[in-house]
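What follows is a set of notes on a single structure, which appears directly below.
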2 protein chains.
Amino acid sequence: MSEVSGQEPAASERIAAILRDEILSGKIAPGQRILQEEVAERLGSSRLPVREAIRILDADGLLEVEANKGARVPYLDINQVEVLYRMRERLEPLALIESMPALTEADFERLDEIQVRIEAGVDVQAFLELDREFHLLTYSHCPTEQLRDSVTRLWNSTSHYRRAFMEITGARRMWIVNAEHRLLLEALARQDSQDAERYLVGHIQRTRKELSQHPEIFTH
Amino acid sequence: MSEVSGQEPAASERIAAILRDEILSGKIAPGQRILQEEVAERLGSSRLPVREAIRILDADGLLEVEANKGARVPYLDINQVEVLYRMRERLEPLALIESMPALTEADFERLDEIQVRIEAGVDVQAFLELDREFHLLTYSHCPTEQLRDSVTRLWNSTSHYRRAFMEITGARRMWIVNAEHRLLLEALARQDSQDAERYLVGHIQRTRKELSQHPEIFTH
DNA sequence: TCGCTCGGGTTTGGATCCATAATTTAGTGC
DNA sequence: GCACTAAATTATGGATCCAAACCCGAGCGA
C-alpha cells in the first residue's frame, strides 16, 4: 500500500491489485483460502510474485497469513467490526481535517457527480464503489500517508460486512445516507471543519449502530 | 505483524525480528537503505526470506518500499510526526478501554515493576524500551488485532524521533512522565476508563507539544 | 466403535540461477 | 572543460527446482 510505484507496475503489484478487487467485490469471501499455485496459474506468473502480493494484501488488511498454513480472507465477528468502526470514527475526522483545505474545484465536482449518481439509484455493488470513492476522495489530500493508509485499511477490512448489510436492508433508509453526504459536502464547501467532523462522525456512528442490529450478518 | 506464528519461527519472521530490533534501536537510521544481499549474507540465508521480511517490516510501518529501487527506513518531517501523534491520541485510548477490563494481577505487577525501574533512572535506550513495554502492555488485552497492530505501527514509525527527543532533553522533565504514568496506573487499577483515557491523552498530547518545539530533530 | 499412528499427497518455505531495471562511470564530441 | 551518451556495474524482480511442514485418510489396536 505504501508503494510509490516508480512508473511500471511490478508483477507483484499487478497481482495484488487483481486479488484486491476480487476480495473487495466479494468474489473471494471471508474464510476462503488463497492457494498460491492456483493464483499463479490463473494470472500467468510463477508463485513468487503471488507470495509478495499476499504480503501486500496482508498489509492492506485484506488477508491474514499464518506460517506454513497459507493466507485466507479473515472472518470478523461482530465485536471486531464494531471496534473497526470506532477506529473509523476517530481516524477519519482527522484525515478529513488534514485533507479539507487542499480540496480542489475538480474534487468538489467529482464528489457532487458521485452523490448525484448515488441519489439516482444504483445497485448494491455500484453503491459500495461510489460510496468508497466519495469518502476516500475527501481524504485524498491528507498529506500523511500513514493516515491515508490506515483509513484505507479500515475500509478494506470492513467492506464485506458493509455489502452484507446493504443487501439485507436494501435501499430503505438510503435517504439518510444522502442527507448526511449532502450535509458533509456543504460543510466541506464552507471549509467548516467543525461541522464536517460532526457530520462525518454521525454518519459512521449511525452505520455502526444499524450494523450491530443485524448480528445475523456475522454468523458463518 | 498479523502472523499468529504456528510454533517455529519461519526464517522470514526471524529476519524481520532482527531487522526490526536494529531499526527500533537506531542501529539502522532513517534514510538508510536496506540491501537485500547484504542482509542475506549477514544473517546467513538467501535473499528470498529477506524480501519477505522487508514486506513484513513495510507492513509494520518501519520500511518504505519502492519498486525496483529497494527499501529504506523513511524520513519523516515534523508535520508527519505531528499527525502520527494525533493518531495516537485518538487510537490509543480506544485500545486502552478495550484492554483495561482484562488486565490481570500479573500485568499490574509488571507495570509497577517497569515504572519503578524508570523512576530509578535509566539511560535513554533502556527508557525507550521500558516505556514501550509499559504502554503496549496496557493495550495487550485489546481483543481486536487490527487495533493493536495499528497502535504498534504508530509506536514503530515514531520511535526514532522519540529517541532523538530524549537525547536532547535528557532527564530534565522526567518527573512529569512518572507522574503521568502513576496517575494512569491508578486509574487503571480503579477500572476508571474516563480517568484513564484523560491521563493517557494528556500524556501523548504533552509529548507531541514538547516534540514540536524541537524542529531541529527533523533536519537531515 | 472410537482413537491413535503412520503414511501419501498437497501446499508452503527456501535456495539458486537468470532477466530486467537503475545507477554509476568512462568516454566522446563540442 | 562541460555536457551528453553509452556501456558496465549493481541491485531488485521473477522462474524453476528442492526441502519441509501440514492435512487427510487408511489401517491398526484397544
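The values are calculated or read from the model by the stated rules, or taken from the named source; none is laboratory data. Keep in mind that this is a model prediction, so the values were computed, not measured. Heads up, the Cβs are rebuilt from the backbone with ideal geometry, glycines too, and the neighbour counts pull from every protein chain shown.
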Fill in: Selected residue (criterion: nearest to the other protein chains (Cβ to nearest Cβ)) from residues of the stretch B:38-71 that are in a loop (DSSP other than H, G, I, E, B) and under 30 Å from B:Arg206 (Cα atoms)
B:Gly61
Fill in: Of residues in the stretch B:46-58 being among the charged types (D, E, K, R) and free of Cβ contacts under 8 Å to residues at least 12 places away in the same chain, the one nearest to DNA strand D (Cβ to nearest atom)
B:Arg47
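Answer yes or no as to whether A:Ser12 is surrounded by fewer than 19 Cβ atoms within 10 Å (Cβ to Cβ), polar (S, T, N, Q) and within 10 Å of DNA strand D (Cβ to nearest atom).
Values: surrounded by fewer than 19 Cβ atoms within 10 Å (Cβ to Cβ): no; polar (S, T, N, Q): yes; within 10 Å of DNA strand D (Cβ to nearest atom): yes.
The answer is no for A:Ser12.
Mind checking which helices (runs of 4 or more DSSP H) fall wholly inside the stretch A:72-170 and carry at least 2 residues that are touching a residue at least 40 places away in the same chain (Cβ under 8 Å) and within 23 Å of A:Phe218 (Cβ to Cβ)? Steps first, please.
Values: elements: A:78-99, A:105-120, A:124-139, A:145-169.
Filter on the stretch A:72-170 gives A:78-99, A:124-139, A:145-169.
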Discussion item. Which condition from (1) of a type in the set (S, T, N, Q); (2) modelled with pLDDT of 95 or more; (3) at positive phi is the one that A:Ser99 breaks?
Written reply: (3)
Item to complete: From the list A:Ile18, A:Ile34, pick out the single residue that is under 19 Å from the mean Cα position of the chain (by Cα) and without any contact (Cβ under 8 Å) to a residue 60 or more places away in the chain.
Response: A:Ile18
Discussion item. So, A:Ile28, is that one farther than 25 Å from B:Pro74 by Cα, part of a helix (DSSP H, G or I) and more than 7 Å from chain B (Cβ to nearest Cβ) or not?
Written reply: no
Worksheet entry | Unmet requirement for B:Gln146, which otherwise passes all of (1) more than 10 Å from every other protein chain (Cβ to nearest Cβ); (2) surrounded by 20 or more Cβ atoms within 10 Å (Cβ to Cβ) | (1)
Worksheet item: What number of residues within the stretch B:171-196 satisfy the criterion of being outside any helix (DSSP H, G or I) and surrounded by fewer than 13 Cβ atoms within 10 Å (Cβ to Cβ)?
Response: 4
Worksheet entry | Sole residue being over 20 Å from A:Arg55 (Cβ atoms) and not hydroxyl-bearing (Ser, Thr, Tyr), chosen from B:Arg14, B:Arg90 | B:Arg90
Fill in: Tabulated pairs, the stretch B:208-220, first under 17 Å from B:Ile176 (Cα atoms), second of a type outside the set (D, E, K, R), C-beta under 6 angstrom, 6+ apart or interchain
B:Arg208/B:Tyr85; B:Leu211/B:Phe165
Worksheet item: When the stretch A:59-74 is examined, which residues are found to be away from DNA strand D (no atom under 16 Å from the Cβ) and at pLDDT below 95?
Response: A:Asp60, A:Gly61
